[in-house]
Amino acid sequence: MDHERLQQVIRSGDRLVIFLHDNPDPDAIAAGWILQHIGEHLGVEAVIVYGGRLGRAENSVMVKLLDIPLTRDSRSSRAIGSLWWTPSPAPATTRFPTKNTHATS
């Protein structure tokens, strides 16, 4: 996806919810954080949500030192998926496609 298309997608809603995979690692946290900055730069409220926990000490230190605003939700990737975007407001009956963006070997 080119940057113009990404801007168009982000701007078409008024809120961007970025779901990280459960027990996020530094790569996932950083990717979510930069996507949040892009959304906010484009004038769209953006929040980062993760499930599980920040299990490794260095992950917690990274979040604290860089002041990365994360919201914990035990339902995150199991219920919805790793990345979710929707126009706002979405009808209560809307079914959202999910895509796991976390590569596994």
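Restricting ILE34, ILE38, ILE48 to those that are surrounded by fewer than 13 Cβ atoms within 10 Å (Cβ to Cβ) and among the β-branched types (Val, Ile, Thr) reduces the list to ILE34.
Scanning segment 1-57 for residues that are in contact with a Pro (Cβ under 8 Å, 6 or more places away or on another chain) and under 18 Å from ARG72 (Cβ atoms) returns GLY32, GLN36, VAL47, ILE48, TYR50, GLY52, LEU54. Within segment 1-33, which residues are part of a loop (DSSP other than H, G, I, E, B) and under 28 Å from ASN59 (Cβ atoms)? Correct list: MET1, LEU20, HIS21, ASP22, ASN23, PRO24, ASP25.
Of the residues making up segment 45-65, just one is of a type in the set (Asp, Glu) and not in a strand (DSSP E or B), namely GLU58. Please list, ordered by first then second residue, the pairs with beta carbon atoms under 9 Å, 6 or more apart or interchain, first in segment 21-50 and in contact (Cβ under 8 Å) with a residue 60 or more places away in the chain, second crowded, with 19+ Cβ neighbours inside 10 Å and part of a helix (DSSP H, G or I). Matching pairs, first to second residue: HIS21/ALA28; HIS21/SER76; HIS21/SER77. Selection over segment 54-75 of residues that are over 14 Å from HIS21 (Cα atoms) and hydroxyl-bearing (Ser, Thr, Tyr) gives a count of 1. For SER77, work out the one condition from (1) modelled with pLDDT of 50 or more; (2) under 26 Å from HIS3 (Cα atoms); (3) buried (at least 16 other Cβ atoms within 10 Å of the Cβ) it doesn't fulfil. For SER77, the failing item is (1).
The values are calculated or read from the model by the stated rules, or taken from the named source; none is laboratory data. Keep in mind that this is a model prediction, so the values were computed, not measured. Positions of Cβ are generated from backbone atoms using ideal geometry, with glycine treated the same way; all protein chains shown enter the neighbour counts.
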